[in-house]
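The values are calculated or read from the model by the stated rules, or taken from the named source; none is laboratory data. Bear in mind the structure is a predicted one, so any value in this text is a computation, not a measurement. Every residue, glycine as well, gets a Cβ built from its backbone with ideal geometry; the counts of neighbours run over all protein chains shown. These accessible areas exclude ligands, DNA and RNA; they are computed on the full protein's heavy atoms, side chains included. Shrake-Rupley method; radii C 1.70, N 1.55, O 1.52, S 1.80 Å.
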Amino acid sequence: VSMCNSRVFILLISLFYSVVLFAQDAELTHSFDKKLLKIAVSSESFPYHFVDESGNPAGIMVDFWSQWAKLQNVEVEFIKYKWIDSLQAIENGEVDFHAGMAVNSERKQRYEFSAPIYQHQNYIYFLD
């Protein structure tokens, strides 16, 4: 098993447990008036959310939202967009949620964020 596959596996396991804990948190349990929630998925955010070779939404956040929907007893429909269009879909009210994005100061002014469901660190590698 390659190092990359091991990291993805660990990330998926961590995400699964985050989903279970997230859905069990009393503050995050909500009764929705709608039984179908539309979620914007960027086709360009691999491995978090993307469109697979069959044209279907896929990725870690698609799995997260699918599991969350089961636990909340609601259905979700993933709507595919280019990244910038996925942000516009939220602002236009075309969707109920975004599959996931990082928080930054500009986005904090425009969107409402939940508590983080996981933390991610990036590193830059270079040859010495």
For segment 55-72, state whether one or more residues are surrounded by 11 or more Cβ atoms within 10 Å (Cβ to Cβ), modelled with pLDDT under 95 and not in a helix (DSSP H, G or I). no
Among all residue pairs at least 6 apart or on different chains, which show Cβ distances below 7 Å where the first residue, located in segment 37-65, is small (Gly, Ala, Ser) and the second is assigned to a helix (DSSP H, G or I)? ALA40/SER86; ALA40/ALA89; ALA40/ILE90; SER42/TRP83; SER42/SER86; SER45/TRP83
Sole exception among (1) over 19 Å from HIS120 (Cα atoms); (2) open to solvent by 40 Å² or more (accessible area, probe 1.4 Å) for PHE46, by number: (1)
Members of segment 78-112 found to be open to solvent by 60 Å² or more (accessible area, probe 1.4 Å), in contact (Cβ under 8 Å) with a residue 40 or more places away in the chain and outside any loop (DSSP other than H, G, I, E, B), listed by number: TRP83, PHE97
